[in-house]
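What follows is a single structure, written as structure tokens, with notes after it.
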Amino acid sequence: MKLATLRNGRPDGQLVLLSADLSRFVSAGRIAPTLQSALDDWDIHAPALAALAAQLDAGAIAGQTFDPELALAPLPRAYQWIDGSGYLSHLERVRSLKGSKDEELQSVRPLLYQGGSDSLSAPTDPIVVTDADLAIDLEAEVAVIIGAVPMAATKAQAASAIRLVTVCNDVSLRRLVADDLQNGFGFFHAKPSTSFAPIVATPDSLGSAWRDNRLHLPVRIEVNGTLYGQPNAGTDMHFDFADLIVEAARTRRLAAGTIIGGGTVSIRHDESLPIKRDGIGFACIAEARTVEKLKYGRARTPFLKPGDIVRIGAVATDGKSVFGDILQTVALA
């Protein structure tokens with residue numbers, strides 16, 4: 001089944017169920033008013049939600065037209081947002097950036113950082129910055145929302161806790177990364193609000209696209225209508241989502257509703273922008289600039305600036321956006 005959270009004037013919004021073709025929705029309020037409440041008692045609520053979704057698909061319920069612009073982030077505020085480093089090729093490329101360290105590139109145990117989760121951005125919210133000269137970067141990722149996980153969880157326990165899958169834009173202000181890493185406890189000012197696609201899907205609803213605790217779909221990234229990348233999220237993911245959950249639970253329990261990011265989707269190649277129609281490209285600008293420096297001696301692709309429009313979405317074999325698109329404009333506060 002596929003779910004979304006719609007605006008209703010409340011901080012956590014209204015939980016709705018979507019038809020399989022994403023065209024219609026029905027309120028889930030009589031089962032669970034919010035996504036967090038559904039996650040808190042998932043074993044009880046999930047069968048009832050699935051039954052309601054089946055009624056919608058069968059035409060037993062008319063439903064209403066779904067408008068992604070009315071959607072909030074699936075969890076507008078979450079108990080925890082943890083981003084991981086599932087893709088070693090991303091680390092290999094960005095470790096040359098100012099503030100990064102070679103020794104942070106780890107292939108045995110994934111790196112994690114704890115992001116701000118009190119205010120997660122809707123898919124159409126602007127990327128708001130206080131200064132246009134902060135080297136504003138997009139980072140397209142796959143993310144999962146989990147049920148409760150015990151401390152020191154096994155990989156099997158971690159995998160069974162994955163409730164929902166979606167994509168997100170983990171925006172980075174590259175000019176502030178060095179200051180955060182060298183003078184603080186980690187990312188803080190360099191990581192403004194993360195935005196999420198309007199729709200979350202249960203792993204079973206994704207069919208063969210979800211296997212081995214990975215999403216095997218291309219994530220398409222455009223800036224101002226120009227294709228920047230379409231790397232397949234399952235191709236070069238060194239640490240799968242169960243690995244990331246196990247690492248996050250190494251010394252703590254994880255609450256239901258915790259969001260785990262897989263890190264910037266990244267595949268090893270030597271392409272540079274612009275890419276061909278069948279090219280792989282990049283899910284963040286910093287990677288493109290690193291490749292350009294190696295090939296041409298200088299970076300040619302600029303970071304984002306106010307007025308730029310970013311579109312991110314996971315694409316199915318029929319070309320449709322599986323979770324709906326993130327569509328954001330960069331704006332000055």
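The values are calculated or read from the model by the stated rules, or taken from the named source; none is laboratory data. Keep in mind it's a predicted model, so treat the numbers as computed, not measured. Cβ coordinates were reconstructed from backbone atoms using ideal geometry, including for glycine residues, and neighbour counts include every protein chain displayed. What goes into the accessible areas is simple: the full protein's heavy atoms, side chains included, and nothing from ligands, DNA or RNA. Shrake-Rupley method; radii C 1.70, N 1.55, O 1.52, S 1.80 Å.
Just one of (1) in contact (Cβ under 8 Å) with a residue 40 or more places away in the chain; (2) touching a Lys or Arg at 6+ places or on another chain (Cβ under 8 Å) fails for PRO192. It is (2).
Mind checking which residues of the stretch 185-205 are at pLDDT below 95 and either of a type in the set (A, V, I, L, M, F, W, C) or assigned to a strand (DSSP E or B) (or both)?
If the condition is that a residue be at pLDDT below 95 and either of a type in the set (A, V, I, L, M, F, W, C) or assigned to a strand (DSSP E or B) (or both), then PHE185, PHE187, PHE188, ALA190 are the ones that fit.
Selection of the stretch 187-217 for residues being charged (D, E, K, R) and within 23 Å of THR5 (Cα to Cα) yields only ASP204. The single residue among ALA60, ALA32 that is of a type outside the set (Asp, Glu), open to solvent by 30 Å² or more (accessible area, probe 1.4 Å), at pLDDT 95 or above and more than 18 Å from the chain's Cα centre (by Cα) turns out to be ALA60. Among the residues of the stretch 261-292, those identified as over 22 Å from the mean Cα position of the chain (by Cα) and β-branched (Val, Ile, Thr) are ILE275, THR290, VAL291. The residues of the stretch 291-316 that are of a type in the set (D, E, K, R), part of a loop (DSSP other than H, G, I, E, B) and surrounded by 12 or more Cβ atoms within 10 Å (Cβ to Cβ), listed by number, are ARG300, LYS305, ASP308. The residue that is modelled with the highest pLDDT, among those in the stretch 88-118 that are among the small types (Gly, Ala, Ser), more than 17 Å from the chain's Cα centre (by Cα) and surrounded by 12 or more Cβ atoms within 10 Å (Cβ to Cβ), is SER89.
Considering the stretch 156-208 alone, what residues qualify as being aromatic (Phe, Trp, Tyr) and more than 24 Å from PRO218 (Cα to Cα)? Walk me through it before giving the result.
Filtering the stretch 156-208 down to residues aromatic (Phe, Trp, Tyr) leaves 185, 187-188, 196.
Answer for the stretch 156-208, where residues must be aromatic (Phe, Trp, Tyr) and more than 24 Å from PRO218 (Cα to Cα): PHE185, PHE187, PHE188.
Listed here are the strands (runs of 3 or more DSSP E) enclosed by the stretch 1-85 that have at least 1 residues being among the acidic types (Asp, Glu): 81-84. Please verify whether ALA153 is open to solvent by 20 Å² or more (accessible area, probe 1.4 Å), assigned to a loop (DSSP other than H, G, I, E, B) and small (Gly, Ala, Ser), treating the condition exactly as stated. For ALA153, the condition - open to solvent by 20 Å² or more (accessible area, probe 1.4 Å), assigned to a loop (DSSP other than H, G, I, E, B) and small (Gly, Ala, Ser) - is not met. Note on the stretch 2-54: residues that are of a type in the set (D, E, K, R), under 21 Å from VAL322 (Cα atoms) and free of Cβ contacts under 8 Å to residues at least 40 places away in the same chain total 1.
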